[in-house]
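Colleague: Encoded as structure tokens, here's the structure I'll be asking about.
The values are calculated or read from the model by the stated rules, or taken from the named source; none is laboratory data. Predicted model only: the values in this text are computed from it and were never measured. As a convention, Cβ positions derive from the backbone with ideal geometry for all residues, glycine included, and neighbour counts pool all protein chains shown. What goes into the accessible areas is simple: the full protein's heavy atoms, side chains included, and nothing from ligands, DNA or RNA. Shrake-Rupley method; radii C 1.70, N 1.55, O 1.52, S 1.80 Å.
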Amino acid sequence: MKQFHMHVGSERCGSTLIQSFFNEANVGQVFARFGVRYDAQIYLAIGELIPFMETDEARFRVVRERHIVPYMTTGPDRIFSTHEVFLGLDHEKAGANSTEFMCDCLQKLLEGFDVRPLIVFRRQDTFIESLYNQLLKRGETREFSKFLEDLPLENYRWDRVADIFAERFGKGHVSVIPFEKGITATGGYDNYLNAIFGVLEMPVNVDMATVPVMNPSLAPRALEVQRQANMSLTGDEAHNLANWLELNVPKRPSDSHVLLNGTQRMRILDFYADSNRRLFAEYMPKYAVAGYLSL
């Protein structure tokens, strides 16, 4: 049975860059040299399915028959694609992740393949800060303290999210990669792109300095500017300002995370400590867990 490797997220863990990077034509040529097929049309077709509907079998069938089924009988034995939508995280107060439903969708699309989900996770404190930063660009008006209060923190126990994929597709078929450069280094990779290539058994080395930044966060000093704009301007005006700030006042690598104070950050790390220990033990044994347990 042919293998279908699918990067499923998470959001705020380099997914936009991953999707942009792998959709470059020259990257597809690199895949071909190692007997792996990457087809950008699959990514685009999956995007047209959003939002996924439980009863919308016809749309799934069209995409599957047009873009997926042909690879069952032609082409290489390994295919790779990406779409962060399949992780199914929910950020609404008291909301529950839709991961099981998204696994249903993935299984429906890729029936007949040996499905190999690939997930990139980020330490929860910086994930939460990055999520708020992203939502500000989309119209968020709550202060960070209120946003944090409303978050369904149980949804970000990453080991439980990985478990759902493991139960559906087999634990040995699920690959989990850390987003952080310092943590990927403990597993022998310079960055998460190289770790993805490692999962695919492709000895490719990408220098992140040569890869354009995609969907950057706003610099800390711009966050309150955008929040106030979201409350005062029209939707289009606020969106245009977000685009301008993203281009002209992006978060720099040297910018510190400032939304959580030290006490809050340690409280979050303590909240997820057992979950993260299990995540690394069960799904990321080649990486060092210490960076997910302390500052």
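Colleague: List the number of the failed condition for residue 52; all other conditions in (1) closer than 30 Å to residue 146 by Cα; (2) hydrophobic (A, V, I, L, M, F, W, C); (3) modelled with pLDDT of 90 or more hold.
Modeller: Unmet for residue 52, out of (1) closer than 30 Å to residue 146 by Cα; (2) hydrophobic (A, V, I, L, M, F, W, C); (3) modelled with pLDDT of 90 or more: (3).
Colleague: Where in segment 87-177 are the helices (runs of 4 or more DSSP H), entirely inside, with at least 3 residues that are within 15 Å of the chain's Cα centre (by Cα) and more than 29 Å from residue 73 (Cα to Cα)?
Modeller: It comes to 124-136, 158-169.
Colleague: Is it the case that segment 192-214 has a residue that's touching a Ser or Thr at 6+ places or on another chain (Cβ under 6 Å) and over 27 Å from residue 260 (Cβ atoms)?
Modeller: Yes, that holds for at least one residue.
Colleague: If I ask for residues that are small (Gly, Ala, Ser) and open to solvent by 30 Å² or more (accessible area, probe 1.4 Å), which ones from segment 27-39 would you list?
Modeller: Across segment 27-39, the qualifying residues are 32, 35.
Colleague: Might you let me know whether segment 232-245 holds any residue that is open to solvent by 20 Å² or more (accessible area, probe 1.4 Å) and under 22 Å from the mean Cα position of the chain (by Cα)?
Modeller: So far as segment 232-245 goes, yes, one or more of its residues are open to solvent by 20 Å² or more (accessible area, probe 1.4 Å) and under 22 Å from the mean Cα position of the chain (by Cα).
Colleague: Which residue is farthest from residue 104 (Cα to Cα), if the candidates are limited to segment 33-48 and must be in contact (Cβ under 8 Å) with a residue 24 or more places away in the chain and not in a strand (DSSP E or B)?
Modeller: Here the residue is 34.
Colleague: Another question, then. Being touching a Leu at 6+ places or on another chain (Cβ under 9 Å) and open to solvent by 70 Å² or more (accessible area, probe 1.4 Å) is true for just one of 213, 176, 161. Which residue is that?
Modeller: So the residue among 213, 176, 161 that is touching a Leu at 6+ places or on another chain (Cβ under 9 Å) and open to solvent by 70 Å² or more (accessible area, probe 1.4 Å) is 213.
Colleague: Moving on to the next point. Looking at this structure, is residue 12 more than 29 Å from residue 160 (Cα to Cα) and crowded, with 16+ Cβ neighbours inside 10 Å?
Modeller: Judged against the criteria, residue 12 is not a match.
Colleague: Out of the residues in segment 50-96 meeting the condition of being polar (S, T, N, Q) and within 29 Å of residue 160 (Cβ to Cβ), tell me which one is most open to solvent (accessible area, probe 1.4 Å).
Modeller: My answer is 55.
Colleague: Those residues that are small (Gly, Ala, Ser) and in contact with a helix residue (DSSP H, G or I) (Cβ under 6 Å, 6 or more places away or on another chain), I need them from segment 255-287; list them, please.
Modeller: 275
Colleague: For segment 178-208, which residues satisfy the criterion of being of a type in the set (Val, Ile, Thr) and in a loop (DSSP other than H, G, I, E, B)?
Modeller: Correct list: 204, 206.
Colleague: So, residue 293, is that one within 17 Å of residue 130 (Cα to Cα), hydrophobic (A, V, I, L, M, F, W, C) and open to solvent by less than 50 Å² (accessible area, probe 1.4 Å) or not?
Modeller: Criteria not met by residue 293.
Colleague: Name every residue in segment 151-197 that is in contact with a strand residue (DSSP E or B) (Cβ under 6 Å, 6 or more places away or on another chain) and farther than 20 Å from residue 3 by Cα, in order of residue number.
Modeller: Hits for segment 151-197 are 158, 179, 184, 192.
Colleague: Name the residue that is most open to solvent (accessible area, probe 1.4 Å), counting only residues in segment 136-158 that are of a type in the set (A, V, I, L, M, F, W, C), under 16 Å from residue 260 (Cβ atoms) and in contact (Cβ under 8 Å) with a residue 24 or more places away in the chain.
Modeller: The extreme case among them is 153.
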